[in-house]
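These notes concern the structure reproduced below.
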Amino acid sequence: SKPHRYIDDMTATGLMTAEELLREQPPQKRTELVAGRMIVREPAGHRHGRIAANLGYLVQLHVGANDLGVVYAAETGFVLARNPDTVRAPDVAFVCRSRLPEPEPTGYAELAPDLVVEVLSPDDRPGEVLAKIGDWLNAGVRLVWVVDPGRRKVRAYRQDGAESLLSEEDSIEGEDVLPGFSCPVRSVF
């Protein structure tokens, strides 16, 4: 069966590498690699995609107008660790100009973005979401925004361990990661 094909292609250690993940993408699935183990999820739903696109568009407008770096669309993989490999794929990512890899990789970049946006899906488990946030922050991401469509809130996590919960009356701030960026929470929903 199909899942066994992926297990058979893994290295002798039973763990997959980032390069194997890039070659072995199951069709119509979202995948990540966590400590060498492939995680497969169903494609995101309409609300999830709309919210990720809204916030990505707002970030892109600001980044482009201020020549700050590059914004990456949903499911762009970033290698966060090696041996075993971890490849995470946020809904939106930003890398500041001074940290962009040259030449641009054709596969996964081996760096942590400066900003990561994760939009929660109805089937996301709290423990898995916290583990993903931990992976991002431990790899060097400076700011993580977790958007909760069901509660219409955004939680911001920072590299220094500080976090804040934002409601629709608040604004999402780019802080020192996206200087000058601000948008009302309600505008992303």
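The values are calculated or read from the model by the stated rules, or taken from the named source; none is laboratory data. Since we're looking at a predicted model, the values are computed, not measured. For neighbour counting, all protein chains shown are included, and Cβ atoms are generated from backbone atoms with ideal geometry for every residue, glycine included. Accessible surface areas use protein heavy atoms only, side chains included; no ligands, DNA or RNA. Shrake-Rupley method; radii C 1.70, N 1.55, O 1.52, S 1.80 Å.
For the chain, what does the helix formula give at 222 nm: sum of -39500 (n - 2.57) over DSSP H segments with n ≥ 4, over the residue count, nearest 500 deg cm²/dmol?
-8000 deg cm²/dmol
Can you grab the distance from the C-alpha centre of the range 32-49 to the C-alpha centre of the range 129-189, Å, no decimals?
Here the two parts' Cα centres lie 20 Å apart.
In percent, how large is the relative contact order of the range 104-154, given Cα pairs closer than 8 Å and 6 or more residues apart?
Relative CO of the range 104-154 lands at 47 percent.
Quick one: which residues, 5 or more positions from Thr17 or on another chain, have an amide H under 5 Å from its amide H? H modelled 1.01 Å from N in the peptide plane, none for Pro or chain starts.
For Thr17, whose amide H was placed from the backbone, the distant partners under 5 Å are Thr11.
Within a Cβ distance under 15 Å of Pro184, other residues only, what is the Lys/Arg minus Asp/Glu net charge?
Here the count lands on -1.
Quantify, in whole percent, the carbon and sulfur part of the accessible surface of the chain (1.4 Å probe; protein heavy atoms only).
The computed percentage sits at 53.
Among the GluC sites (Glu not before Pro) in the range 118-180, which ones are in a DSSP loop with at most 11 other Cβ atoms within 10 Å of the Cβ? Mind listing them?
Hits after loop and neighbour filter: Glu169.
Pick from Val144, Val117, Val177: which residue has the top mean-square fluctuation in a GNM of the chain where Cα pairs under 10 Å get a spring?
Val177
With all distinct Cα pairs included, what does the Kirkwood hydrodynamic radius of the range 139-189 come out to in Å, to one decimal, could you say?
Computed over the range 139-189, the radius equals 11.2 Å.
Counting only heavy atoms of protein chains, what accessible area per residue, in Å², does the chain have with a probe of 1.4 Å?
Here the residues of the chain average 52 Å² of exposed surface.
How many percent of the alpha carbon pairs in the chain exceed a separation of 24 Å?
Beyond 24 Å sits 38 percent of the P(r) for the chain.
What Rg and what Dmax come out for the range 84-135 when only alpha-carbon atoms are used, in angstroms?
Every Cα atom of the range 84-135 included, Rg and Dmax give 12.9, 38 Å.
Mean-square fluctuation check for the chain, GNM, Cα pairs under 10 Å: which of Leu115, Leu130, Leu68 is largest?
Result: Leu130 has the largest fluctuation of those listed.
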